[in-house]
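Novice: Okay, here's the structure, questions in a sec.
The values are calculated or read from the model by the stated rules, or taken from the named source; none is laboratory data. What you see is a predicted model; the values in this text were computed from it and never measured. Reconstructed Cβ throughout: ideal geometry from the backbone, glycine too, with neighbour counts over all protein chains shown.
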């Protein structure tokens, strides 16, 4: 029976970093991956460019971790965005900062990041086994002692780190395996839900695909619950689809949609789009009025092309009760006010999100109440650790989720290696009588 200091299950961002952290501590590490290659989720991250981390200030970073961000305080203090940057630059990966603090490799190729990390594991002597599916954890003597593979092979270790991801993007191998192992160890699995996922909507312009494929840049999004309370306000780019909305800003709203639907069972939630988030309604009305007054003989629909996307104009006019052939002299003040209202609060009726399997990130998972936030160690079973998306921790897109993966992986790897070294020292020297 093989024996290692640390077994890491999962070859994604969290697992790779956990293996590196444990290996740097001098531990004998085995990395198990059920697929045919390491780093599959890393390679597709950031649209294939790998958004390695986000360089926003610490407090801003934590605020973007909308699912139990406070749990990550200690881990991010140990190994946050600046430490992640230094780590990869130490591996020869030069990074560049783009909008909103996002950090990418100068190569713009995620494979270069994955390759450097995998090569580093080789240098550290980390053993890697592919096509190695874990059946269950080996639990005995009130601790985790290793794993049992699907083929019946038992592998012993002083510590086991579960870093297999959630249930989103299953093509990368994240199929929810870790939840059963955590439950086997007595851990609570909080309800799973899709987040960072496109939104579904039921409005006529969605059903009729009137706006399908239309992209809007830098719009404001406000999600409201059934009682009129604002759930979130986001800002960024969106795209209309045949089922609803996608794009970065819509993905950020999805967390709040999923949580509200689970909490209140709401069938639909009002969402408004502000097409001019930097301008108040009065200023927009002045601009529209001036534009129309400048060309009084032209149909309103043609004049408005100077301010609005052409495909959006018929929808806005319908909402405002304005005939497309109307000219400025025949436009009532009430219709003009309604047009501006539609532009500042374009209504979208959100009915849900795409499925968990179609989401970029999984909400829910192993309860963080049962995990030590400094070491990622199980509070229930000694020798068991967790890292990454398998835990009930998630963030918005923009380099935040991968930061959580790297940070928690580092904390788990360091602590797991230290545990095994302390155990070995205890067995070697025996209990010490300190007086």
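Novice: Quick check, is residue 48 touching a residue at least 60 places away in the same chain (Cβ under 8 Å), out of contact with any strand residue (DSSP E or B) (no Cβ under 9 Å at 6 or more places or on another chain) and surrounded by fewer than 21 Cβ atoms within 10 Å (Cβ to Cβ)?
Specialist: So residue 48 passes the test.
Novice: Also, quick follow-up: When segment 183-216 is examined, which residues are found to be touching a helix residue (DSSP H, G or I) at 6+ places or on another chain (Cβ under 7 Å) and under 30 Å from residue 164 (Cβ atoms)?
Specialist: Restricting attention to segment 183-216, the residues satisfying the condition of being touching a helix residue (DSSP H, G or I) at 6+ places or on another chain (Cβ under 7 Å) are 187-189, 191-199, 205, 210-211, 214.
Once the filter is applied, which keeps residues that are touching a helix residue (DSSP H, G or I) at 6+ places or on another chain (Cβ under 7 Å) and under 30 Å from residue 164 (Cβ atoms), segment 183-216 yields 187, 188, 189, 191, 192, 193, 194, 195, 196, 197, 198, 199.
Novice: Listed residues 260, 293, 250, 266; which is in a loop (DSSP other than H, G, I, E, B) and in the same structural domain as residue 344 (by TED's automatic domain parsing)?
Specialist: Going through 260, 293, 250, 266 in turn, the sole match is 266.
Novice: Look through segment 130-148, keep the residues that are part of a strand (DSSP E or B), in contact (Cβ under 8 Å) with a residue 60 or more places away in the chain and out of contact with any helix residue (DSSP H, G or I) (no Cβ under 6 Å at 6 or more places or on another chain), and return whichever of them is surrounded by the most Cβ atoms within 10 Å (Cβ to Cβ).
Specialist: Within segment 130-148, the subset part of a strand (DSSP E or B) is 134-140, 143-148.
Of the ones still in play, those that are also in contact (Cβ under 8 Å) with a residue 60 or more places away in the chain are 134, 137, 139, 143-147.
Next, from what is left, pick out any that are out of contact with any helix residue (DSSP H, G or I) (no Cβ under 6 Å at 6 or more places or on another chain): 134, 139, 143-147.
Values: 134: 22, 139: 18, 143: 16, 144: 26, 145: 19, 146: 23, 147: 23.
Checked segment 130-148; the qualifying residue surrounded by the most Cβ atoms within 10 Å (Cβ to Cβ) is 144.
Novice: Same structure again: So how many residues does segment 249-300 have that are farther than 22 Å from residue 317 by Cβ, in contact with a helix residue (DSSP H, G or I) (Cβ under 7 Å, 6 or more places away or on another chain) and at pLDDT below 95?
Specialist: 1
Novice: Specify which of the listed residues (96, 34) is surrounded by fewer than 21 Cβ atoms within 10 Å (Cβ to Cβ), in contact (Cβ under 8 Å) with a residue 60 or more places away in the chain and either in the same structural domain as residue 119 (by TED's automatic domain parsing) or within 30 Å of residue 139 (Cβ to Cβ) (or both).
Specialist: 34
Novice: For segment 337-344, indicate whether the set of residues that are in the same structural domain as residue 253 (by TED's automatic domain parsing), out of contact with any helix residue (DSSP H, G or I) (no Cβ under 8 Å at 6 or more places or on another chain) and not in a loop (DSSP other than H, G, I, E, B) is non-empty. Please lay out each step first, then the result.
Specialist: Taking segment 337-344 and keeping what is in the same structural domain as residue 253 (by TED's automatic domain parsing), we get 337-344.
Within this subset, residues satisfying the condition of being out of contact with any helix residue (DSSP H, G or I) (no Cβ under 8 Å at 6 or more places or on another chain) are none.
Taking every residue of segment 337-344 in turn, none turns out to be in the same structural domain as residue 253 (by TED's automatic domain parsing), out of contact with any helix residue (DSSP H, G or I) (no Cβ under 8 Å at 6 or more places or on another chain) and not in a loop (DSSP other than H, G, I, E, B).
Novice: Would it be correct to say that residue 205 is outside the structural domain of residue 13 (by TED's automatic domain parsing), outside any loop (DSSP other than H, G, I, E, B) and either buried (at least 19 other Cβ atoms within 10 Å of the Cβ) or modelled with pLDDT under 95 (or both)?
Specialist: yes
Novice: From the set of residues in segment 86-123 that are in contact with a strand residue (DSSP E or B) (Cβ under 6 Å, 6 or more places away or on another chain) and assigned to a helix (DSSP H, G or I), which is nearest to residue 52 (Cα to Cα)?
Specialist: Only one residue fits best here, namely 113.
Novice: Within segment 150-164, restricting attention to residues that are at pLDDT 95 or above and surrounded by fewer than 18 Cβ atoms within 10 Å (Cβ to Cβ), which residue is farthest from residue 31 (Cα to Cα)?
Specialist: Once the filter is applied, the top-ranked residue is 152.
Novice: Do you know which residues across segment 17-45 are in contact with a strand residue (DSSP E or B) (Cβ under 8 Å, 6 or more places away or on another chain) and assigned to a loop (DSSP other than H, G, I, E, B)?
Specialist: Across segment 17-45, the qualifying residues are 27, 28, 33, 34, 38.
Novice: Return the residues of segment 303-334 that are part of a helix (DSSP H, G or I) and farther than 23 Å from residue 219 by Cβ; say none if nothing qualifies. Break it down stepwise before answering.
Specialist: Narrowing segment 303-334 to residues part of a helix (DSSP H, G or I): 303-306, 310-320, 328-330, 333-334.
Answer for segment 303-334, where residues must be part of a helix (DSSP H, G or I) and farther than 23 Å from residue 219 by Cβ: 328, 329, 330, 333, 334.
Novice: When the residues of segment 10-31 are narrowed to those that are within 20 Å of residue 173 (Cα to Cα) and out of contact with any helix residue (DSSP H, G or I) (no Cβ under 7 Å at 6 or more places or on another chain), which ends up surrounded by the fewest Cβ atoms within 10 Å (Cβ to Cβ)?
Specialist: Start the filter on segment 10-31 by keeping residues that are within 20 Å of residue 173 (Cα to Cα), which leaves 10-19, 30-31.
Cutting the leftovers down to out of contact with any helix residue (DSSP H, G or I) (no Cβ under 7 Å at 6 or more places or on another chain) gives us 10-11, 30.
On the way: 10: 32, 11: 32, 30: 25.
Per the criteria, the residue is 30.
Novice: Residue 186: surrounded by fewer than 19 Cβ atoms within 10 Å (Cβ to Cβ) and either outside any strand (DSSP E or B) or without any contact (Cβ under 8 Å) to a residue 12 or more places away in the chain (or both), yes or no?
Specialist: Considered against the rule, which asks whether it is surrounded by fewer than 19 Cβ atoms within 10 Å (Cβ to Cβ) and either outside any strand (DSSP E or B) or without any contact (Cβ under 8 Å) to a residue 12 or more places away in the chain (or both), residue 186 comes out as yes.
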